[in-house]
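Throughout, read-outs are computed from the coordinates displayed, never taken from laboratory work. Predicted model only: the values in this text are computed from it and were never measured. Heads up, the Cβs are rebuilt from the backbone with ideal geometry, glycines too, and the neighbour counts pull from every protein chain shown.
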Amino acid sequence: MFEDRKAVIEKLKAAGVTFVDEATAYIEPTVTIGAGSTVYPNVLLTGETHIGENVTIGMGCEIANCTIGDGTVVRHSVLDSSTIGQNVNIGPFAYVRPGSKIADRVKVGDFVEVKNATIGEGTKMAHLTYVGDADVGRNVNFGCGTVVVNYDGKKKYRTIIDDDCFIGCNTNLVSPVRVGKNAYTAAGSTITENVPADSLAIARSRQTVKENWRKNDE
């Protein structure tokens, strides 16, 4: 599998690729990397992986059968059988699963998982989010802890999120559901019905405070 590892690295270096630690870079001959890109230690690149110019592949990345556009940064992450656009920021500790298509200038942050989803330009998923079987538009902001609930135990369904939406923290989007253009969901909501464009969806119970509850429990 890596019998010609040194020859592969020398060929990539000659093409303008920088290796921080050649001894821990494992790259199959089928992989291509553009000029100006940097590969950090403990990296595994396999299959039909094609990396553009001026890309940073950070320490500890595992990438298989992916196309990655110019200027993208990937740190401490796993990417599999997906297409990544230009100037995308992925990681640390992100997981891009097969069938994902991530457009330019997207943020896939720490502990974010994307699976079989299309993500539009400029969308941000900063942390602790799962987006599976979804079509997401441009300039969408996902709050921390958002989950696309795509599986009911028998079948998987898709969610659609149109452009310019704001998905509040800890929102559950129960597929199949659609959030219209420029709509908002309130933090802590479980969305089970379509949200019209320019709307705010609130799906949570009203707060109840029981004063002196601990004293009564003693």
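Modelled label positions at ASP135 and LYS13, each set 7 Å beyond Cα in the direction of Cβ, lie 4.7 nm from each other. You can think of it this way: the chain between ALA23 and TRP213 has 62.2 nm of extra reach, that is 0.36 nm per residue less the Cα-Cα gap. Can you flag which of LYS101/LYS124; LYS6/LYS115; LYS124/LYS154; LYS124/LYS181; LYS124/LYS155 are past 24 Å Cα-Cα? Pairs exceeding the cut-off: LYS6/LYS115; LYS124/LYS154; LYS124/LYS155. The string of couplings for region 115-130 from the Karplus curve (6.51, -1.76, 1.60, θ = phi - 60°) is 9, 6, 10, 9, 10, x, 4, x, 6, 10, 10, 6, 6, 6, 9, 10 Hz, one whole number per residue in order, with x for Gly and Pro. Using only Cα atoms, find the angle between the long axis of helix 5-14 and the longest principal axis of the chain, and express it within 0 to 90 degrees, rounded to the nearest 10. Between helix and principal axis, roughly 90 degrees. Estimated from helical segments only, the mean residue ellipticity of the chain at 222 nm is -2000 deg cm²/dmol, where each DSSP H run of four or more residues counts as -39500 (n - 2.57).
Each of VAL20, VAL55 was scored by other Cβ atoms within 10 Å of its Cβ. Listed from fewest to most, they are VAL20, VAL55.
Neighbour counts of other C-beta atoms within 10 Å: give me ARG214, ARG178, ARG206, ARG97 arranged from fewest to most. It would help to have the intermediate numbers written out before the result.
On the way: ARG214 8, ARG178 19, ARG206 5, ARG97 16.
Final ranking by Cβ density, sparse to dense: ARG206, ARG214, ARG97, ARG178.
Kirkwood hydrodynamic radius, computed over distinct alpha-carbon pairs, for region 1-77: how many Å, to one decimal?
Values: mean 1/r = 0.0848 Å⁻¹.
That comes to 11.8 Å for region 1-77.
May I ask for the net charge around THR49, where only other residues with Cβ less than 12 Å from the Cβ of THR49 are counted and Lys, Arg are +1 while Asp, Glu are -1? Result for the neighbourhood of THR49: -4.
Summed over all non-identical Cα pairs, the Kirkwood treatment of the chain gives a radius of 18.5 Å.
Using the number of other C-beta atoms within 10 angstrom as an exposure proxy, rank SER100, SER82 with the fewest first.
Values: SER100 25, SER82 22.
Least to most surrounded, the residues fall as SER82, SER100.
Is the C-alpha gyration tensor of region 117-162 telling us rounded, prolate or oblate? Criteria: a/c under 1.5 is rounded; beyond that, a/b larger than b/c is prolate, otherwise oblate. Oblate.
If you take the Cα centroid of region 157-216 and the Cα centroid of region 17-50, the two points sit 42 Å apart. Within the shell defined by Cβ-Cβ distances under 9 Å, the residues around ARG97 carry a net charge of -1, with Lys and Arg each +1 and Asp and Glu each -1.
Between ALA203 and LYS155, the FRET efficiency from the beta-carbon distance, with R0 = 30 Å, is close to 0.85.
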